[in-house]
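Student: Next up is a structure, given as structure tokens.
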Amino acid sequence: MRRWIMHVDMDAFFASVEQRDHPELKGKPVIVGGRSRRGVVATASYEARKFGVHSAMPVSRARELCPSGIFVEPHFEAYKETSDRIHEIMLHYADAYEPISLDEAFLDISGMGSQYPTLGAIGRAIKKEILDKTELVASVGIAPNKFLAKMASDMDKPDGLRIIPYGKEKEILRPLPVRRLWGVGKVMESRLIQAGYRVIGDIQDAPAEELAALLGNQGALLKRLSFGLDDRPVESGREIKSIGDESTYENDLFDPHRIDREIAVHSDIVAQRLRKHGLTARTVTLKIRFASFRTVTRSISFEEGTSLQEEIYRYAVSLLQKIPVHEGIRLIGVTASHLGPPLSMESLFSENRDKRNRAAAAMDEIQARFGRKALQKGFWLEGKEEKGEGDPPK
Ligand code: TTP
Ligand code: MG
């Protein structure tokens, strides 16, 4: 199976959160970074970047470049909360998942071919789920390894989706400045340029001895990178503490049947994800946000871990009964926590329950097999894409 790595990075992250939370800022040059004259810019919206404003620039300079800019203080709590949601979404699209920063992660998606017909489809799915659930735009890069995936996510920003297919690595890297290579900072860049290596293609063509003389044992590493070779694995460090799914509705919900159905849908997604990760939960939490934005959460814990939709649903509905509903509902969420391994000894002896577990597992299996058809078509294995998506960069 071919290795495919995805890198996801949010567009103008802090500024986009500000624009989402303060709609009057939408479409405006927003500069996040504290209003004191001595501060630096954390980030700027793409509208502000047109004026040359960028991260780490002194705020005073940003004011000169962009006098019409709207300067806002950072709201770290909002960024952290949003970041948690994004990471929670991304987790489900990968076998191995490595968060890098608040707005960025690597995903090893090599094994996801049974669920998505093409690489583009998985990229679009993750972008859409992030947009639907956080109202924010992510850029996605998919490539044979981490180095190229990170480069790819940057290529079409903002709102990017770029795939670097196998076989195109060398050609794509050739014209790019040496600075783009991983590990090349200012000092190494100037040494390389002084020695006549300006673009990555120069390093591809350089005799190994020359690079070794210039950079010692770093030379060989740089040479490998220049051809787009990088076999560092995606390192899953993050332990899953909870698995949840929630939706905000365009129109507030009043109809009890509809509310019930929504809880059933969320319970189903949570149960499927639990089974996918081989986990069961001993706590179910229901979150309800009312039209007035008042938010209520209720939890219930139980002895026997479950990953069954019908059980999670039953617990969630019992929690709803404890919440008086006097107004429309704008958000419903179901979360499973207190996670543990799949089956306890007791449940092995509970025949009925075991049957249902097996039925659920069979359903998952069927879903996976449906996807496998797409795999046999060859899209995934060949890395072929529908027109356009696998093309080399402009
Ligand atoms: P980045 O992903 O580097 O930048 P970005 O998301 O603002 O813009 P884009 O990815 O579209 O180019 O960083 C993520 C956040 O980290 C950024 O929104 C603000 C914060 N940050 C700083 O506070 N200081 C910095 O110097 C950088 C680079 C980022
Ligand atoms: Mg970003």
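The values are calculated or read from the model by the stated rules, or taken from the named source; none is laboratory data. Since this is a predicted model, take the numbers as computed values, not measurements. Note that we place each Cβ from the backbone using ideal geometry, even for glycine, and neighbour counts take in every protein chain shown. Heads up: the accessible areas ignore ligands, DNA and RNA and are worked out on the full protein's heavy atoms, side chains in. Shrake-Rupley method; radii C 1.70, N 1.55, O 1.52, S 1.80 Å.
Student: What distance in nm separates the simple spin-label points at Asn217 and Asp255, each placed 7 Å from Cα in the Cβ direction?
Tutor: With each label point 7 Å from Cα toward Cβ, the separation is 6.8 nm.
Student: Taking Cα centroids, how far is the stretch 123-193 from the stretch 1-21 in Å?
Tutor: With the stretch 123-193 and the stretch 1-21 each reduced to a Cα centre, they are spaced 11 Å.
Student: Calculated FRET efficiency, Met155 and Ser337, Cβ-Cβ r, R0 30 Å, to nearest 0.05?
Tutor: Efficiency, rounded to the nearest 0.05: 0.20.
Student: Whole percent per 20 Å bin, from 0 to the bin with the longest distance: what is P(r) over all C-alpha pairs of the chain?
Tutor: Histogram of Cα-Cα distances, whole percents per bin: 23, 50, 24, 3.
Student: Bin by bin, in steps of 5 Å, what percent of the Cα pairs in the stretch 29-93 do you find, going until the bin that has the longest distance?
Tutor: Bins of 5 Å from zero give 4, 19, 25, 17, 12, 11, 7, 4, 1 percent of pairs.
Student: Between Asp132 and Val187, what FRET efficiency comes out of the Förster formula 1/(1 + (r/R0)^6) with R0 = 45 Å and r the beta carbon distance, rounded to 0.05?
Tutor: E(calc), rounded to 0.05, equals 0.55.
Student: Taking only protein heavy atoms and a 1.4 Å probe, what accessible area per residue, in Å², does the chain have with all protein chains in place?
Tutor: Ligands and nucleic acids excluded, the result is 51 Å² per residue.
Student: To the nearest µm²/s, what D does Stokes-Einstein give for the stretch 170-226 at 10 °C and 1.306 mPa s, using the Kirkwood radius over alpha carbon pairs as Rh?
Tutor: D, rounded to a whole number, is 146 µm²/s.
Student: Next question. Have a look at the stretch 1-166 and give its Rg and Dmax from the Cα atoms, expressed in angstrom.
Tutor: 16.7, 54
Student: Counting chymotrypsin sites (Phe, Trp or Tyr not before Pro) as exposed when in a DSSP loop with at most 16 other beta carbons within 10 Å, what is the longest stretch of the chain free of them?
Tutor: Formally, the longest exposed-site-free interval is 1-165.
Student: Let me ask something else about it. Test of understanding: in a Gaussian network model of the chain with alpha carbons linked when under 10 Å, which of Lys241, Lys186, Lys223 would top the mean-square fluctuation ranking?
Tutor: Lys186
Student: What part of the accessible area of the chain, given as a whole %, is carbon or sulfur when the probe is 1.4 angstrom?
Tutor: Solvent-exposed carbon and sulfur of the chain make up 53 percent of the total.
Student: In addition: Count the net charge of all other residues whose Cβ sits under 11 Å from the Cβ of Arg179, scoring Lys and Arg as +1 and Asp and Glu as -1.
Tutor: Once positives and negatives cancel, what remains is +2.
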